[in-house]
Amino acid sequence: MLLSMVEGQRFTFKKEERITGNKRISTLFARGGSFLVYPFKVVFYECECTASEPVSILISIPKKRLKRATARNRMKRLVREAYRVNKELIPSHLLLDNHRIDIAFVYVKDELSDYDKVEKSVCKSLREISNKLKDVRAKC
C-alpha cells in the first residue's frame, strides 16, 4: 500500500467501471472477441464512444455453476478485488481517446476457486487483452 501512495496510484473500483444496461451487455457478447483463461471465459469489445472510464468490466457467475448465492457473491468479490489491484496491466498508452473497452469475466468452473487462482487468471486475461490491443494498434 505504501508503494502505491509513493507512485500516486490509487487502487479503486468505481461504479463507472461496471458495465450496466442490456444494450451494452448484448453488444459486448454479440460483437466481442473471446478466449478462455480457466476458470473464466473472457469476452472483450472495444467501441468508439465517450466514457468516463476507459475500461469497464462485467462479472458473471452462472447459477448453473455455483448453486448457492453466497458462493456466487464470494466469487464476484474475489474477481472484483483481483481486477481492482491489477487493472494497470492494460497500459494507458493503448487506451485511445473516445474509446472504451468492455470486458466480461464469465465463470466456467463448477466449484469455488481460491484468490490466488482467480488473481492469476485475471492477470493473464488482462495481459492477453493488452497484447491483442497492441496487435490491433500495430496494424493501424
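Couple of notes before you dig in:
- For the residues V122, V106, the requirement of being among the β-branched types (V, I, T) and assigned to a helix (DSSP H, G or I) singles out V122.
- Residues of the stretch 79-94 classified as assigned to a helix (DSSP H, G or I) and either buried (at least 21 other Cβ atoms within 10 Å of the Cβ) or out of contact with any helix residue (DSSP H, G or I) (no Cβ under 6 Å at 6 or more places or on another chain) (or both), total: 11
- Pairs where the first residue, in the stretch 16-44, is part of a helix (DSSP H, G or I) and the second is not aliphatic (A, V, I, L, M), C-beta under 6 Å, 6+ apart: E16/S52; E16/E53; E17/E53; E17/S56; L28/Y45; L28/D102; R31/Y45
- Close pairs (8 angstrom Cβ cut-off, 6 or more residues apart or separate chains): modelled with pLDDT under 90 in the stretch 76-105, basic (K, R) and surrounded by fewer than 17 Cβ atoms within 10 Å (Cβ to Cβ) anywhere: L89/R127; L94/K134; L94/R137
- Among the residues making up the stretch 95-130, those that are closer than 22 Å to T27 by Cα and either surrounded by fewer than 19 Cβ atoms within 10 Å (Cβ to Cβ) or among the charged types (D, E, K, R) (or both) are L95, L96, D97, N98, H99, R100, D102, V106, V108, E128, S130.
- Filter pass, A71 being under 11 Å from the mean Cα position of the chain (by Cα) and either part of a helix (DSSP H, G or I) or at pLDDT 95 or above (or both): no
The values are calculated or read from the model by the stated rules, or taken from the named source; none is laboratory data. All of these numbers come straight from a predicted model, not from anything done at the bench. Glycine gets a Cβ as well: all are built from the backbone with ideal geometry, and neighbour counts include every protein chain shown.
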